[in-house]
């Protein structure tokens, strides 16, 4: 993922804001409530906090793992899409030079359109018409390749399979760019974090400095997990986004193939 200014601001907002609000709430409680009022309820409160904290940890852990798994699946789809484009260009080299060069040019232009035009558009949920046209150009160039030998027929079938795979992965990428985590799930995560922090206020410590320090540690742990969920739940939208490095690498490889002698894959 790319660490951008947006991701830094997101981290500052969630982590810094969560810790600041947690301390502010603690100071407010200590101002209006006597510490001794909480001492008699520490044992019961401790048991309840353990139960509540465990349940919240299970929910938060499930969300973090699920978001991370989804982000990894998106990375695999993106890499597969770029590899399919590269395979199309490579397999087309068995056809006459004019056909092979037309396919290569179309594939290079597609990678450029994805990197330069479609990638910046995805966080806004937009589709690049340039990338769409480039994908159609790949298809049109493939249709011009007429297999005559058994070898050409075999590689033509592989080209069609890879084009289908590329189109499927592109649809999944664009669909993933529009997906957002359920607002209900966000409400549960945030409410659970707030309740957990507020519950710690009922365990008063004589030294306010020590209690502030402990509250900060709890708030930091919860905020880091919430930030992780926010960053990985929409990896094609947030500042910490998946980079188009797979398409950049495919473009460079195909450009290196320009002018190389024709040979079988």
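The table below lists the values:
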read-out: Qualifying positions in region 133-157 - under 24 Å from residue 75 (Cα atoms) and surrounded by 16 or more Cβ atoms within 10 Å (Cβ to Cβ); value: 134, 135, 138
read-out: Any hit, region 119-126, residues being in contact with a helix residue (DSSP H, G or I) (Cβ under 6 Å, 6 or more places away or on another chain) and under 24 Å from residue 69 (Cα atoms); value: yes
read-out: Counted residues, region 204-225 - those being in a loop (DSSP other than H, G, I, E, B) and in contact with a helix residue (DSSP H, G or I) (Cβ under 6 Å, 6 or more places away or on another chain); value: 2
read-out: Residues that are farther than 30 Å from residue 229 by Cα and free of Cβ contacts under 8 Å to residues at least 24 places away in the same chain, drawn from region 157-187; value: 157, 160, 161, 164
read-out: Residue pairs meeting the criteria (Cβ under 9 Å; at least 6 apart or on separate chains; first more than 14 Å from residue 19 (Cβ to Cβ), in region 202-219; second at pLDDT 90 or above and surrounded by 16 or more Cβ atoms within 10 Å (Cβ to Cβ)); value: none
read-out: Residue list for region 180-199, restricted to those being loosely packed, with under 13 Cβ neighbours inside 10 Å and not in a helix (DSSP H, G or I); value: 180, 182
read-out: Residues located in region 158-177, provided they are at pLDDT below 95 and either touching a strand residue (DSSP E or B) at 6+ places or on another chain (Cβ under 7 Å) or exposed (fewer than 14 other Cβ atoms within 10 Å of the Cβ) (or both); value: 171, 175
read-out: Among the candidates 231, 223, 207, residue that is modelled with pLDDT under 85, within 30 Å of residue 175 (Cα to Cα) and out of contact with any strand residue (DSSP E or B) (no Cβ under 8 Å at 6 or more places or on another chain); value: 231
read-out: Every residue from region 120-130 that is within 22 Å of the chain's Cα centre (by Cα), assigned to a helix (DSSP H, G or I), free of Cβ contacts under 8 Å to residues at least 24 places away in the same chain and surrounded by 14 or more Cβ atoms within 10 Å (Cβ to Cβ); value: 121
read-out: Criterion: loosely packed, with under 12 Cβ neighbours inside 10 Å, assigned to a helix (DSSP H, G or I) and at pLDDT 85 or above - qualifying residue of 24, 92, 82, 20; value: 24
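The values are calculated or read from the model by the stated rules, or taken from the named source; none is laboratory data. Everything numeric here is computed off the predicted structure, so don't read it as measured data. Because the Cβ atoms are built from the backbone with ideal geometry, glycine has one as well, and the counts that use them run over all protein chains shown.
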